[in-house]
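Comments concern the structure below.
The values are calculated or read from the model by the stated rules, or taken from the named source; none is laboratory data. Quick caveat: nothing in here was measured; it's all calculated off a predicted structure. Positions of Cβ are backbone-derived with ideal geometry, glycine not excepted, and every protein chain shown enters the neighbour counts.
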Amino acid sequence: MSELILAIDPGTEKSGVIMFDRENNAEPIWHQSVMDNADLIDYILTYGDRIEHLAIEQIRSYGMAIGATTLDTVEWSGRFIQCFIYATHNDDNILRIPRLEIKVHLCGSARAKDQNIRQALIDRLGPPGTKKNPGPTYGVTSHMWSALAVAVTAHDKLKEQGE
């Protein structure tokens, strides 16, 4: 059985999703998309028993005021986690990874921006390439980059823990 990480960059209506296969360390395999949150709930409930780990970007306010859309995202995150627990009967394999941890892990700086994270992922995994000659990150766009950052950080974290 593959060691799959379902990595999610949660959003208010849609979420970035990456399915990351940890078995092939030299060339990780992933399937990516941006999914409607309701469809992602159905996906987790249907295929959750095949997923080894759920990794989700954890919302943190760091003392700043947050708005309604952020709170909506937090609610969706909780729903995804609950569905994973329901599907797997396991709450041990959930990694909640704050954005700050992702920035420091991939870029070595808490001040890193989305473009820096994207470049760090390209440097590590390979360039997108073109339609005629697709590279390892071909097709990764928008929220999928954030989900991929969650997946790679989770993979490395599990590797450090000996899992």
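Tabulated results
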quantity: Some residue of segment 94-117 being under 16 Å from Ser15 (Cβ atoms), touching a Pro at 6+ places or on another chain (Cβ under 9 Å) and not β-branched (Val, Ile, Thr); calculated: no
quantity: Residue that is modelled with the lowest pLDDT [pool: residues in segment 78-131 that are over 21 Å from Asp156 (Cα atoms) and β-branched (Val, Ile, Thr)]; calculated: Thr130
quantity: Residue selected from segment 140-161 under the condition of a type in the set (D, E, K, R) and closer than 16 Å to Phe20 by Cα, by the criterion surrounded by the most Cβ atoms within 10 Å (Cβ to Cβ); calculated: Lys157
quantity: Boolean, Lys157 is among the charged types (D, E, K, R) and assigned to a helix (DSSP H, G or I); calculated: yes
quantity: Subset of segment 117-139 (residues that are touching a residue at least 24 places away in the same chain (Cβ under 8 Å), buried (at least 16 other Cβ atoms within 10 Å of the Cβ) and in a loop (DSSP other than H, G, I, E, B)); calculated: Pro136
